[in-house]
Structures are given as C-alpha cells and as structure tokens.
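Take a look at the structure below.
Nothing in this text is a laboratory measurement; each read-out follows from the coordinates by a stated rule. Note that the structure is a prediction, hence the values are computed from the model and not measured. So basically every Cβ, Gly included, is an ideal-geometry build from the backbone, and we count neighbours across all protein chains shown.
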Amino acid sequence: MADIERQIKLLGYIKITGIIEALTGLHIGGTADSIDKGGIDNPVIKNPVTNEPYIPGSSFRGRMRSLLEKKTAEYLSPMTGNKEIWMEIYKAEDEKYNNNKAQSTIDAMNSEVCRVFGNSASYESVPSVLIVRDALYTEKTRESYMQGGKGGLPITEAKMEIAVDRITAHALPRTIERVPAGAKFAFEIVYKIQSTSFICVIDEKGKPKEVKSYMADDKVIEKDIENILWALKQIEEHDGLGGNTSRGHGQVKFSIDPIKYEVFEDVSKQKIEKAIKNIKTTKEA
C-alpha cells in the first residue's frame with residue numbers, strides 16, 4: 001500500500017519584530033463579562049489579568065494568510081483548469097503520485113501559503129513554520145495609559161454607530177469598543193528554517209519506488225520571508241487589522257526592526273545571510 005514518510009529537521013530561526021501603531025481605532029472582538037443596560041455591545045479582547053487590550057496572534061496570522069491566499073489565487077487557474085480557488089491545498093504538477101496521502105503533502109509543500117502557514121487537518125498534515133505571537137502594549141503606551149486624566153490616552157474608547165433599516169428608516173444604535181488611535185503594540189513573528197525530506201512508498205512491499213526531497217535553501221527562505229513582508233505591507237497600505245475595516249477601523253502602521261536570525265550547524269550561515277540580503281534589496285527596490 002502506498003504511503004509517505006516525512007522527516008523534518010529544525011535548522012534555525014528567522015525573527016521579524018517591530019511595532020504596530022494604530023492610526024485609527026482598532027477593534028478585535030472579545031466577550032462581555034456582563035450585560036449592562038447602555039453598556040458596550042461589542043467589547044475588545046483584553047488580558048483578563050491586566051485588563052489591557054492586545055492583538056491576538058491568531059487574528060494577526062489569519063489576516064496575513066487570507067491576503068496571501070488572495071495573492072496566490074491568480075496562479076490557481078492554470079493549475080486547476082476551471083478557475084476554482086482552493087484555499088486549503090493547491091493542486092500541483094505532481095499528478096504521477098496517485099496516493100492521496102502522498103499527493104496532499106506534496107501539493108501543500110508546492111503551495112506558497114501552505115508551506116508557511118500549514119494546511120488543513122482534512123488532509124495529510126504539513127505543519128506551519130510560522131509563529132505569530134500576541135502583540136502586547138509597548139512600555140511607552142502602557143505608561144501613557146497609566147497617567148489617566150493627566151494627559152494620557154484612554155485605555156479604550158466607545159464608538160457609537162447606527163444601522164438604519166432601509167424599509168422603515170428605524171435606527172438601531174450600537175456601541176463598539178475600540179483601542180484608540182496612537183496605541184502601539186510590540187509584535188514578533190518567528191519563521192522556522194526546516195529541512196524536510198519526503199520518501200514516497202508506492203509498492204506493496206514497502207520499498208521506495210520514487211523519492212522526492214525538499215531541502216531548505218536560500219531561494220525558498222527568501223520567497224517565504226518576502227511573502228510575509230508582502231502581507232504586512234498589504235495590511236498597512238490597503239487593508240487593516242481587526243473587524244469593521246470597511247468602516248474606518250483598524251488602520252495600522254508597521255515599524256519593522258532589522259531581521260534577526262539564528263542558524264544551527266546543519267545549514268550554511270552564508271545562505272541565510274544571502275537570503276536576508278536579497279530580501280532587503282528587494283524591499284528597498
């Protein structure tokens with residue numbers, strides 16, 4: 001019976017850090033502790049201990065993946081032949097692998113999205129190589145909020161909005177809680193450099209008939225990091241973070257620090273340095 005053996009070796013890390021500044025009110029929904037008359041209808045998510053709003057890594061990561069999926073959709077038409085967009089796993093050129101388990105893994109590794117963010121649990125699992133941590137207040141922002149009425153920023157703001165029934169003209173007011181403009185969050189994204197080898201076993205005796213290997217190289221690393229930086233640029237220039245971005249919420253600005261990395265002995269540092277140098281050159285261009 002056909003099968004696939006996957007071996008993953010960790011080779012190092014690339015770290016992207018910086019600051020997210022809210023240019024307009026930012027709303028990432030949480031749950032209300034209680035229902036109060038005239039209270040907030042849609043509160044923001046907060047740390048239950050400090051009561052400080054934060055940007056969940058899951059929301060940040062999800063927005064990045066969504067934008068990258070839309071970018072790569074233009075390449076799906078010639079692959080599928082019917083303009084069908086596959087958001088979880090993309091059909092690749094390796095049709096010779098008729099085993100579904102092997103095929104789904106190879107397809108995911110050929111996808112720029114799944115290679116970084118992982119694929120769906122509905123298919124043979126390809127784990128994500130990206131860690132997006134929760135973005136917390138910077139110390140300066142935290143100190144400004146602690147000043148309270150002494151010139152500091154309010155920790156959140158309540159924005160009143162009205163939905164109007166188009167038939168009856170009846171107004172339905174609602175209150176949305178937002179992190180005010182000017183708040184700054186420290187973010188961290190970690191990219192795991194991995195060497196992954198796949199052995200496709202397609203005979204009944206369990207012997208490998210064909211071998212297809214994916215080894216970490218500077219071109220793959222460069223492309224993956226470029227896609228991550230591209231997603232951040234799209235969030236800043238054309239999209240936003242959180243909900244209600246079509247109504248002016250969630251406009252942000254990124255200040256990205258120089259890229260840092262840690263490489264283990266199994267991979268050449270020169271390749272990583274070359275990839276990072278090319279990324280900077282491309283970004284500046």
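Structure data summary
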{"item": "Sites residue 274 and residue 23, calculated FRET efficiency, Cβ-Cβ separation with R0 41 Å, nearest 0.05", "result": "0.70"}
{"item": "FRET efficiency, 1/(1 + (r/R0)^6) with R0 45 Å, evaluated for residue 223 and residue 164 via beta carbons", "result": "0.45"}
{"item": "Label-point separation, residue 253 to residue 171 (7 Å along Cα→Cβ), nm", "result": "3.4 nm"}
{"item": "Among the listed pairs 15/46; 233/277; 219/253, those beyond 23 Å (Cα-Cα)", "result": "15/46; 219/253"}
{"item": "Residue-by-residue Karplus 3J(HN,Hα) for the stretch 219-225, coefficients 6.51, -1.76, 1.60, Hz, glycine and proline x", "result": "5, 5, 4, 4, 5, 5, 5"}
{"item": "Under Karplus coefficients 6.51, -1.76 and 1.60, residue-wise ³J(HN,Hα) of the stretch 226-238 in Hz, glycine/proline x", "result": "4, 5, 5, 5, 4, 4, 5, 5, 5, 4, 6, 8, 10"}
{"item": "Nonlocal amide H pairs with residue 194, under 5 Å, H built at 1.01 Å", "result": "11"}
